[in-house]
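To start, the structure itself, in structure tokens.
The values are calculated or read from the model by the stated rules, or taken from the named source; none is laboratory data. As the structure is a prediction and not an experimental result, all values here were calculated from the model. Here the Cβ positions follow ideal geometry from the backbone for every residue, glycine too, while neighbour counts run over all protein chains shown.
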Amino acid sequence: MNIAVVNSSTVTEFVDDIATFDNFVKNQFSMVDQNGDGLLSRDEIRGGLGKFMPLGSQSQPPELIESMLGCIFERFDEDKKGALNLNEFKCLMREIMHALARGIGGSPITAVLEQDSWLMKAVQREFDGHKSPP
Ligand SMILES: [Ca+2]
């Protein structure tokens, strides 16, 4: 666990750094894709929600999580296959990160971050002086 000060540009600059963000999305995708078929099913997304929602999905009631899943598939499953491919997943990630940045707004927040949470990646990138990963 780490304590970090995060502002909205920490997040938006991370998302706008295409190489870094693409790389990050691919890593997340392969972690969430439990059966390795290159698609994320509803169950796999549900299992990955703790990572998607950096501010904590554990405390959310199950009905809310199911309705959130409904919205996610309604909106991002463009070919209506009941699963998200890498591109669709990337759109979802970008949307969530931007929503997060809007939530942070203009005033920096102090956050407790899990080592491999999304926000942590964004913060690390900022600390590294905006270098791309190898
Ligand atoms: Ca899968």
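A few remarks follow.
- Exclusive hit being assigned to a loop (DSSP other than H, G, I, E, B) and either within 16 Å of the ligand (Cβ to nearest atom) or at positive phi (or both), set K90, K81: K81
- Scope the stretch 32-49; condition more than 7 Å from the ligand (Cβ to nearest atom) and surrounded by 13 or more Cβ atoms within 10 Å (Cβ to Cβ); matching residues: V32, R42, I45, R46, G47, G48, L49
- Test set (1) surrounded by 12 or more Cβ atoms within 10 Å (Cβ to Cβ); (2) aliphatic (A, V, I, L, M); (3) touching a residue at least 24 places away in the same chain (Cβ under 8 Å) - A19 fails condition number: (1)
- Only one entry in F52, F29, F76 is aromatic (F, W, Y), modelled with pLDDT under 85 and within 16 Å of the ligand (Cβ to nearest atom), namely F52.
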